[in-house]
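Rule-based calculations on the coordinates, nothing more; no lab input. All values derive from a computational prediction rather than experimental measurement. Glycine gets a Cβ as well: all are built from the backbone with ideal geometry, and neighbour counts include every protein chain shown.
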Amino acid sequence: MTIIVTGGAGFIGSNFVYYELKNHADDKIICLDKLTYAGNLETLADAQGNKNFKFVRGDIADREAVYKLFEEEKPDIVVNFAAESHVDRSIEDPELFLRTNIIGTSVLLDACRKFGIKRFHQVSTDEVYGDLPLDRPDLFFTETTNLHTSSPYSASKAAADLLVQAYQRTYKIPATISRCSNNYGPYHFPEKLIPLMIINALHDKKLPVYGKGINVRDWLYVEDHCAAIDLIIRRGTVGEVYNIGGHNERTNLDVVKTILKILGKGEELIEFVTDRKGHDQRYAIDPTKIFNELGWTPQTKFDDGIKKTVAWYLDNRAWWEKIISGEYKNYYAKMYDNR
Ligand code: NAD
Ligand code: DAU
């Protein structure tokens, strides 16, 4: 089978490329990625030598380029990871999120209509459900929870989900959608909570915790997410949405303290800063459907996954040092100086 993986030079997409090359040695993987600030060819260095892997630089919102790729490669499956993915950036500048996340998805869907496809899979997020209150630990997101978005990022992802469902119903595109909770693991871009805190702590720099640090996220080790998507594209039912998450809820403060403990650093590094606008309180996934239908369960517990992740950042300094010494410096100053 030929699988186009869009956004495969980013965090989860690259982990998925490696997952597929390892577990499906007969499949051909084509990574389509624009290489935005979040895309990194060095992340794919170990895949480049594989005869079943090909990298194509391109924009999912570029109709001509996408159609050309479909015509040439005749993919059986498309897995769409490509997106602007950072909530804080979407609050600063929403427009690019609409172009990539909505228009980009529509162009891919049009290509599927025009050239035919066995499966289009949309990698979505639990953020489309909005948030849950902190004082109701009994509540979880299920696949039938209403869409109720908070940020331009989550609104753009929800719009894309609705488009996928519309194309599935109207044009019979064989599509599936997955909505996953927060991922962590290797190749996570330094702007996100976990890598940012690891890297700052390593430099004895302040750890900027938004608000009081009481917001809750439901953490999933990235390889478990990849395994779930792999099952959905091969055995999931067309037209269905699958929630992915492993009941690993933690407050942000807990996560930051855990990282400090692993690194042997003191909690005096923690600094409470101005909260994110519209900050979602709690995300929590009910993964019953994917467990019952596809037998998926997460393999990595948070306490093990976070240790593995810290070890990865210690072992792969060159990967992130290059990132944080470039344009990222301006981003960091803009977002955190005088916050
Ligand atoms: P990321 O920001 O690390 O990577 C995004 C990748 O997409 C980059 O390689 C970038 O170059 C590429 N890209 C961006 N715009 C593009 C365009 N117009 N055309 C082609 N490529 C483009 O993101 P991530 O954290 O790996 O997230 C991947 C997907 O998973 C996203 O769709 C995101 O919404 C979803 N998701 C992420 C999480 C998470 O915790 N990170 C959880 C659930 C769902
Ligand atoms: O839930 C899935 C989503 O998880 C994905 O759809 C998004 O693409 C992904 O970026 C992630 O979104 P979050 O906003 O939850 O992740 P982030 O790492 O940006 O923040 C996690 C929590 O940590 C959130 O409550 C905000 C807080 N935070 C974040 C940063 C960057 C801080 O307190 N300080 C920080 O510096």
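Can you give the net charge of the other residues whose Cβ lies under 12 Å from the Cβ of residue 299, counting K and R as +1 and D and E as -1? Value of the local net charge: -1. Taking the C-alpha atoms only, the angle from helix 252-263 to the longest principal axis of the chain is near 80 degrees.
In terms of other Cβ atoms within 10 Å, 217, 99, 235 run from fewest to most in the order 235, 99, 217.
Other residues whose C-beta falls under 13 angstrom from the C-beta of residue 138 contribute a net charge of -1, scoring Lys and Arg +1 and Asp and Glu -1. Springs join every pair of Cα atoms under 10 Å in this Gaussian network model of the chain, and among 211, 185, 13 the largest mean-square fluctuation is at 211. Straight Cα distances below 29 angstrom link residue 114 to the lysines 28, 34, 51, 54, 68, 74, 157, 172, with same-chain residues fewer than 8 positions distant left out. Computed over neighbours whose Cβ is under 14 Å from that of residue 99, the net charge equals -1, Lys and Arg +1, Asp and Glu -1.
The overall shape of region 37-116 is oblate: from the C-alpha gyration tensor, with semi-axes ordered a ≥ b ≥ c, the ratio a/c is 1.5 or greater and a/b is no larger than b/c.
Distance from the alpha carbon centroid of region 217-254 to that of region 282-303 works out to 6 angstrom. Going by a ≥ b ≥ c, the root eigenvalues of the Cα gyration tensor, does region 260-316 fall in the rounded group (a/c under 1.5), the prolate group (a/b larger than b/c) or the oblate group? Cα axes put region 260-316 in the oblate bin. If the reach is capped at under 19 angstrom between alpha carbons, list the lysines near residue 206, excluding any in the same chain fewer than eight residues apart. Within the straight-line cut-off, residue 206 pairs with 192, 257, 261, 265, 329, 334. With Rh defined as the Kirkwood radius, the inverse of the mean 1/r over Cα pairs, the Rg/Rh of region 204-244 is 1.24.
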